[in-house]
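Just below is one structure, and these are the notes that go with it.
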Amino acid sequence: MTPLIEVEDLRISFPTAKGSFDAVRGVSFTLGREKLGIVGESGSGKSLTGRALMRLLTPAAQLSAKRLAFDGQDLLQATPRDLRRIRGRRISLVLQDPKYALNPVMTVGEQIGEAFRTHHRVSRAEARAKTLAMLEAVRIRNPVRVHDLYPHEVSGGMGQRIMIAMMLIPEPDLLIADEPTSALDVTVQMQVLAILDDLVTQRGMGLIFISHDLNLVASFCDRILVMYAGRIVEECRASELHAATHPYTRGLLASLPRIEESRAELAVLTRDPAWLTA
Amino acid sequence: MIDIRDLTVTFGRGTQAVAAVRGLSLHVGEGESFGLVGESGSGKSTVLRVLTGLNEKWQGSASLAGLSVARRDRRFPRLVQMVFQDPYGSLHPRHTVDHALSEPLAIHGIEDANERVSRALEQVGLGPAFRFRYPHQLSGGQRQRVAIARALMLEPKVLLLDEPTSALDVSVQAEILNLLRRLRDERGLTYLLVSHNLAVVAHMCDRLAVMNRGVVVEEMAVDTLRRQEPAEAYTRQLLLASRGYDREVARAMITYD
């Protein structure tokens, strides 16, 4: 079976006044029908890697790769027309903040329906029925009422579920979620993750979960890639994150305060220049 | 040091009125570090805004070191200061670090500003090289250090910390939390820390109160939290959710009103 995603030696750089800045430097991985976590700090290149899979980088970004393929199809050679058939329909992207990602002047139902009708030739009535079903699937209690609300009228947690509904309605094969729960309260976060978990399991989708939260990723995903300064420094089973061997991963884990223990001081990460290359 | 009784804060009026804080009482002793925990909308930040005078309409009584918060005078800024959540938003983008740190001194007519600014920078672990930089030339962690230095310029006794590390990476969070603990030890400061992160509160505080929808659900010593033995179901659910994803826990979640 072809893997959903094949990435080999992905590089992304930006031209600056002082020469080119390499944001992603030789990232390689493959993804099957699984939950893959990408963790790292701000600036580690994790979000750019996610965007590159949809070819959604700014024109200034220079992208190169030995291979960048989705379901066997070469994304580097894909025309804008090919890409439009993939984006949303086969790979979709859930962003961090529903306040900015949703269209403020369209009702929730209209924008979810639009996502469906862009990729499927159906009547408005059918799209509406499908939208209501989808809202129910993301556990919105009163779909008929929420359908006609505007984004500013819903809470953060509900906004995030609406965005997930919009991304799932075209029934993609791969969902890329970039910090999908960072803006949410912990209890709401749990509920949103449970929805993602169920949908991935039931529909056999692939999921790339991009986050800075190590514990969350370890408890939610199957496999983890740890990124540092544009490179993957460690790859492990999520259940074995506590046994990580790279000093960067170990340093991150040690710097987290824990509820159970009392320490006078938290371990501070000392960055070793060797991590940039080793 | 901090004494709040029957605090009620209402926003809006008539049928639109929302009570953000409903009859809250709490007491924080001198030199103590007290945590206020809760989800968004629980009213925890509103309590801090009342104490700093950023929110002027409230009922009840609130005092700091025996001074009523309602009658604000010039002594207040020298008694209490606040550090905000977002270091990208809380520093003036067109003021240098030097400008941000010397402004409170100028307002309060304090001499030897030059000396004090360089000492403050040193204390938060920033060298003299940072003194004439603008916020955009600093990382998030460095900005938060500047914000902490600014809060300490008038040598207050109380620091109000509103989610001081939630916008930072975990490695930077550790540095800032260590800095805050060191400063408290050195200066005998009283902290009132607002956070949604139970681990941060467990690390930083002696006691804490858990808030939900404007009321204190439960108040406890930090050891009770460490032993995972809170009395209220709401707190237990919050604790479980903080431990990471668990399918069964997620299924069993309830909404508490």
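The values are calculated or read from the model by the stated rules, or taken from the named source; none is laboratory data. Please read these numbers as outputs of a predicted model, since none were measured by experiment. Cβ coordinates were reconstructed from backbone atoms using ideal geometry, including for glycine residues, and neighbour counts include every protein chain displayed.
Values as computed for the structure displayed
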{"quantity": "Among the residues listed as B:VAL28, B:VAL69, B:VAL37, the single one being of a type in the set (A, V, I, L, M) and farther than 23 Å from B:LEU183 by Cα", "calculated": "B:VAL69"}
{"quantity": "Test result for A:ALA133, of a type outside the set (Lys, Arg) and free of Cβ contacts under 8 Å to residues at least 12 places away in the same chain", "calculated": "yes"}
{"quantity": "Checking B:ARG71 against (1) in contact (Cβ under 8 Å) with a residue 24 or more places away in the chain; (2) surrounded by fewer than 14 Cβ atoms within 10 Å (Cβ to Cβ), the condition it does not meet", "calculated": "(1)"}
{"quantity": "Verdict on B:GLY12 being surrounded by fewer than 21 Cβ atoms within 10 Å (Cβ to Cβ), of a type outside the set (Lys, Arg) and either in contact with a Pro (Cβ under 6 Å, 6 or more places away or on another chain) or without any contact (Cβ under 8 Å) to a residue 12 or more places away in the chain (or both)", "calculated": "yes"}
{"quantity": "Qualifying residues in the stretch A:171-209 (those that are part of a strand (DSSP E or B) and small (Gly, Ala, Ser)) - the one farthest from B:THR255 (Cα to Cα)", "calculated": "A:GLY206"}
{"quantity": "Members of the stretch B:204-253 that are among the aliphatic types (A, V, I, L, M), facing chain A (nearest Cβ under 7 Å) and over 29 Å from B:LEU159 (Cα atoms)", "calculated": "B:VAL249, B:ALA250, B:MET253"}
{"quantity": "Of all residues in the stretch B:107-130 being assigned to a helix (DSSP H, G or I) and either closer than 19 Å to B:LEU79 by Cβ or of a type in the set (Ser, Thr, Tyr) (or both), the one that is nearest to the chain's Cα centre (by Cα)", "calculated": "B:ALA120"}
{"quantity": "Number of positions in the stretch A:140-157 that are under 19 Å from A:ALA194 (Cβ atoms), at pLDDT below 90 and over 23 Å from the mean Cα position of the chain (by Cα)", "calculated": "1"}
{"quantity": "Any hit, the stretch B:219-242, residues being of a type outside the set (A, V, I, L, M) and part of a strand (DSSP E or B)", "calculated": "yes"}
{"quantity": "Considering residues of the stretch A:66-124 that are β-branched (Val, Ile, Thr) and out of contact with any helix residue (DSSP H, G or I) (no Cβ under 8 Å at 6 or more places or on another chain) only, the residue nearest to A:THR49 (Cα to Cα)", "calculated": "A:ILE86"}
{"quantity": "Residue in the stretch B:98-153 that is farthest from the other protein chains (Cβ to nearest Cβ), counting only those that are touching a helix residue (DSSP H, G or I) at 6+ places or on another chain (Cβ under 9 Å) and on the phi > 0 side of the Ramachandran plot", "calculated": "B:ASP112"}
{"quantity": "Matching residues, the stretch A:36-55, being under 13 Å from the mean Cα position of the chain (by Cα) and farther than 17 Å from A:HIS212 by Cβ", "calculated": "A:ALA52, A:LEU53, A:MET54"}
{"quantity": "From A:VAL7, A:VAL24, residue being touching a residue at least 40 places away in the same chain (Cβ under 8 Å) and touching a Gly at 6+ places or on another chain (Cβ under 6 Å)", "calculated": "A:VAL24"}
{"quantity": "Top-ranked residue in the stretch B:156-190 [being in contact with a Phe, Trp or Tyr (Cβ under 7 Å, 6 or more places away or on another chain) and assigned to a strand (DSSP E or B); ranked as surrounded by the most Cβ atoms within 10 Å (Cβ to Cβ)]", "calculated": "B:LEU161"}
{"quantity": "Test set (1) more than 19 Å from B:GLU175 (Cα to Cα); (2) outside any loop (DSSP other than H, G, I, E, B); (3) out of contact with any Leu (no Cβ under 6 Å at 6 or more places or on another chain); (4) not acidic (Asp, Glu) - B:PRO104 fails condition number", "calculated": "(3)"}
{"quantity": "Of residues in the stretch B:218-229 being closer than 23 Å to B:LEU48 by Cβ and without any contact (Cβ under 8 Å) to a residue 40 or more places away in the chain, the one surrounded by the most Cβ atoms within 10 Å (Cβ to Cβ)", "calculated": "B:LEU225"}
{"quantity": "Residues within the stretch B:191-201 that are within 11 Å of chain A (Cβ to nearest Cβ) and either buried (at least 22 other Cβ atoms within 10 Å of the Cβ) or without any contact (Cβ under 8 Å) to a residue 40 or more places away in the chain (or both), tallied", "calculated": "4"}
{"quantity": "Residues that are touching a residue at least 60 places away in the same chain (Cβ under 8 Å) and either over 18 Å from A:GLU179 (Cβ atoms) or part of a loop (DSSP other than H, G, I, E, B) (or both), drawn from the stretch A:214-257", "calculated": "A:CYS221, A:ASP222, A:ARG223, A:ALA229, A:GLY230, A:ARG231, A:ILE232, A:GLU235"}
{"quantity": "Conditions (1) crowded, with 23+ Cβ neighbours inside 10 Å; (2) within 14 Å of another protein chain (Cβ to nearest Cβ): number failed by A:LEU175", "calculated": "(2)"}
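For every residue, the table says whether it meets (1) surrounded by fewer than 21 Cβ atoms within 10 Å (Cβ to Cβ); (2) of a type in the set (Val, Ile, Thr); (3) under 20 Å from the mean Cα position of the chain (by Cα); (4) more than 9 Å from chain B (Cβ to nearest Cβ).
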{"residue": "A:SER211", "(1), (2), (3), (4)": "no, no, yes, yes"}
{"residue": "A:MET227", "(1), (2), (3), (4)": "no, no, yes, yes"}
{"residue": "A:GLY230", "(1), (2), (3), (4)": "no, no, yes, yes"}
{"residue": "A:LEU241", "(1), (2), (3), (4)": "no, no, yes, yes"}
{"residue": "A:THR245", "(1), (2), (3), (4)": "yes, yes, no, yes"}
{"residue": "A:ARG263", "(1), (2), (3), (4)": "yes, no, no, no"}
